[in-house]
Amino acid sequence: MQLTFNQIVIPPGRNLLLKDIDWSTLEELLAELGETRAARISYSRGMLEVMVPLAEHEDGKEIIGDLVKIILEEMNIEFRALGSTTFKNEQMAQAIEADACFYIQHEAVVRGKKRIDLTNDPPPDLAIEIDISSRTRFDNYEKLGVPELWRYDGENLEINVLQNGRYVTSAMSVHFPQWPLVEAIPQYVKQSQSVGRNAMMKAFRAWVRSQLG
């Protein structure tokens with residue numbers, strides 16, 4: 001009897017690693033999993049990782065994504081937020097689903113597109129990973145050419161900027177230079193746990209406006 005992927009149970013906060021997965025098998029597994037699933041995948045040259053996030057993980061993803069949206073709205077910058085969209089490139093044998101991602105500089109290029117193909121379209125300008133139960137691997141994002149990757153471990157925010165094909169840790173975001181986000185974002189995420197989401201978002205928006213002068 002052959003098992004189907006949906007028969008495998010992965011507890012929240014745990015990862016499943018599968019090796020020697022070719023591209024056609026990856027496509028079949030993605031189709032079997034469907035688009036309305038909790039699990040997220042990461043694929044690099046035959047190695048497939050499937051992760052089911054914890055509630056804490058999802059909190060971080062939603063809150064930090066909303067904070068980024070507030071900054072972009074207040075700066076009057078058009079953007080496209082594509083959440084955990086699957087980005088893949090068969091030629092590079094890479095596929096990834098970020099916790100959150102944004103088109104900012106290249107928003108106009110992908111505006112209105114229902115399907116994004118990284119063989120022709122640019123990758124997201126900013127990806128966000130919540131590393132509470134696992135450690136983000138850089139390979140996928142570097143090979144796909146994502147210019148900026150944020151990692152939040154539940155306490156600290158790390159900003160990584162792509163330079164010459166490799167990520168370099170930076171104190172500042174390329175998209176929001178001069179903004180002390182490494183300090184501010186963890187502070188406001190923590191604040192949301194005591195005062196509530198809406199109160200924190202209002203406070204953050206007021207802080208953003210003060211930064212803009």
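The values are calculated or read from the model by the stated rules, or taken from the named source; none is laboratory data. Predicted model, so just to flag it, every value in this text is computed and none were measured. Note that each Cβ is placed from the backbone with ideal geometry, even for glycine, and that neighbours are counted across all protein chains shown.
Some observations on this one:
- Ala95 being small (Gly, Ala, Ser) and at pLDDT below 90: yes
- On inspection, Val182 passes the criterion of being under 17 Å from Gly65 (Cα atoms) and of a type in the set (Val, Ile, Thr).
- Inter-residue pairs, beta-carbon under 8 Å, first under 24 Å from Ile116 (Cβ atoms) and in the stretch 67-85, second part of a loop (DSSP other than H, G, I, E, B) and of a type in the set (Val, Ile, Thr), 6+ apart: Leu72/Ile104; Ile77/Ile104; Phe79/Ile104; Leu82/Ile116; Thr85/Ile116
- Residue count for the stretch 1-34, restricted to those that are among the polar types (S, T, N, Q), at pLDDT 65 or above and either in a loop (DSSP other than H, G, I, E, B) or within 19 Å of Asp99 (Cα to Cα) (or both): 1
- The test for being of a type in the set (A, V, I, L, M), in contact (Cβ under 8 Å) with a residue 12 or more places away in the chain, outside any helix (DSSP H, G or I) and within 19 Å of Thr86 (Cβ to Cβ) does not hold for Val174.
- Those residues of the stretch 191-206 which are touching a residue at least 60 places away in the same chain (Cβ under 8 Å) and of a type in the set (D, E, K, R), in sequence order: Arg197, Arg205
- Which numbered condition Ile41 fails, given (1) modelled with pLDDT of 75 or more; (2) part of a strand (DSSP E or B); (3) of a type outside the set (Ser, Thr, Tyr): (1)
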